[in-house]
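Engineer: Here it is: the structure, laid out below.
The values are calculated or read from the model by the stated rules, or taken from the named source; none is laboratory data. As the structure is a prediction and not an experimental result, all values here were calculated from the model. Neighbour counts run over all protein chains shown; Cβ positions are idealised from the backbone, glycine included. The area values use the complete protein model at the heavy-atom level, side chains included, leaving out ligands, DNA and RNA. Shrake-Rupley method; radii C 1.70, N 1.55, O 1.52, S 1.80 Å.
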Amino acid sequence: MRPVLETEHLRVVFKGSSGQKKIVAVDDLSLRVNQGEVVGFIGPNGAGKTTTIKVLMGFIFPTSGKAKVLGYEAGSKMAKSRTGYLPEVALYYPFMTAEEILRLYGRLQGIGKKELSELIPRLISRAGLSGFEQLRLKNFSRGMLQRVGLAQAIMGDPDLLVLDEVTSGLDPVGRRDLRNILKDFRSRGKTVFFSSHELSEVAKLCDRVILIDEGRVIQEKSMQEILEMEGKQGSLEDYFVEVVGHKVT
């Protein structure tokens with residue numbers, strides 16, 4: 001199958017402050033995500049998940065190694081144009097409404113006014129924001145802002161969704177809406193790569209998990225393999241604790 005995300009011996013080192021040693025955030029990390037997969041990217045706090053995602057999105061450059069997105073160099077214009085992204089903490093202009101911020105992002109993507117007038121109501125409905133279109137974002141809860149971010153990420157119907165801590169702040173209804181959106185993407189042959197500490201949600205959403213710790217991939221398994229682990233309860237949390245040695249905190 002054609003790889004949509006690929007890193008090869010990726011290494012990211014941050015310089016410490018004066019007198020402090022360097023911090024190795026990602027260390028010789030190689031992974032591959034194929035077209036049509038929904039892959040959970042999991043690991044303990046500080047494992048290097050967000051740093052890896054920032055490299056894939058072109059926000060930071062690797063110290064060494066390679067990263068490709070949709071066959072293009074990570075961060076390139078072609079890669080970005082076909083990728084939807086939701087960061088761990090999405091920040092928006094607080095004085096704007098949900099409708100206005102989606103219109104702004106749509107215009108930045110080159111979507112015409114007529115198309116946006118039809119698209120935005122559908123996005124607001126899919127994200128569970130109906131009735132809040134005209135409310136200023138400064139009055140939104142964290143979960144509602146996450147819904148705005150999700151609507152913005154899927155706006156251009158991208159080939160790839162990259163989501164960092166996607167379930168953060170979402171209530172049970174919001175998580176159900178998220179599952180429906182991601183299932184729709186998978187049914188149309190699109191690819192989803194996401195991180196989350198909500199392992200029960202990861203288990204419901206993904207086909208496969210990539211587990212990292214200390215900046216390295218330490219194991220990969222399909223959810224089917226994890227659920228069939230002999231002599232275990234067959235949960236993703238059991239698998240995580242067994243391999244990493246401690247629970248997500």
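Engineer: Restricting things to alpha carbons, tell me how big the range 19-98 is in terms of Rg and Dmax, in Å.
Structural biologist: 14.9, 46
Engineer: Sticking with this structure for a sec: Say the dipole of the range 74-228 comes from +1 at the beta carbon of Lys and Arg and -1 at that of Asp and Glu; which of Ser76, Leu116, Asn180 then lies farthest toward its positive end?
Structural biologist: Going by the charge dipole, the pick is Leu116.
Engineer: State, in angstrom, two size descriptors of the range 1-144 derived from its alpha carbons: Rg to one decimal place and Dmax to the nearest whole number.
Structural biologist: Cα-based Rg and Dmax for the range 1-144 come out at 18.5, 57 Å.
Engineer: Report, in listed order, any pair from Lys49/Lys77; Lys22/Lys49; Lys80/Lys114; Lys77/Lys204; Lys22/Lys66 with a Cα-Cα distance greater than 27 Å.
Structural biologist: The pairs that break the limit, which is 27 Å between Cα atoms, are Lys77/Lys204.
Engineer: Treat the range 109-149 as a sphere of radius equal to its Kirkwood radius over Cα pairs and apply Stokes-Einstein at 20 °C in a medium of 1.002 mPa s; give the translational diffusion coefficient in µm²/s, rounded to a whole number.
Structural biologist: Reported coefficient: 194 µm²/s.
Engineer: Within the accessible area of the range 132-249, what % is carbon and sulfur when the probe is 1.4 Å and the other protein chains stay in place?
Structural biologist: 44 percent
Engineer: Another one. Check each of the trypsin sites (Lys or Arg not before Pro) in the range 7-72 and keep only those in coil by DSSP with at most 11 other C-beta atoms within 10 angstrom; list them in order.
Structural biologist: Filter output for the range 7-72: Lys15, Lys21, Lys22.
Engineer: Still on this model: Please list, ordered by chain and number, the residues whose modelled amide H lies under 5 Å from the amide H of Tyr85; skip anything fewer than 5 residues away on the same chain.
Structural biologist: Val162
Engineer: On to the next question. Taking the Cα centre as origin and putting +1 on Lys and Arg beta-carbons and -1 on Asp and Glu beta-carbons, what dipole magnitude results for the chain, to the nearest 20 debye?
Structural biologist: 900 debye
Engineer: With N denoting the number of residues in the range 186-240, provide Rg(C-alpha) divided by 2.2 N^0.38 Å, to two decimal places.
Structural biologist: With N residues counted in the range 186-240, Rg over 2.2 N^0.38 Å equals 1.17.
Engineer: Work from the charge dipole of the range 35-177 (Cβ charges, +1 for Lys and Arg, -1 for Asp and Glu, about the Cα centre) and give the residue of Leu91, Asn45, Gln146 farthest towards its positive end.
Structural biologist: After comparing all options, I get Leu91.
Engineer: Here's a follow-up. Report the full-extension gain for the segment Ser76 to Gln109: residue separation times 0.36 nm, less the Cα-Cα distance, to one decimal in nm.
Structural biologist: 10.4 nm
Engineer: Averaged per residue, what accessible area in Å² does the chain show with a 1.4 Å probe, protein chains only?
Structural biologist: Result: 51 Å² of accessible area for each residue.
Engineer: Let me check the size of the chain from its C-alpha atoms; what are the radius of gyration and Dmax in Å?
Structural biologist: Rg and Dmax of the chain, Cα atoms, are 18.4, 57 Å.
Engineer: Right, another one. Computed over the Cα atoms of the range 1-49, what is the convex hull's projected area averaged over all directions, in nm²?
Structural biologist: That works out to 4.2 nm².
Engineer: Calculate the tail of P(r) for the range 154-249: the fraction of all Cα-Cα distances greater than 18 Å, expressed in %.
Structural biologist: When all Cα pairs of the range 154-249 are counted, 49 percent exceed 18 Å.
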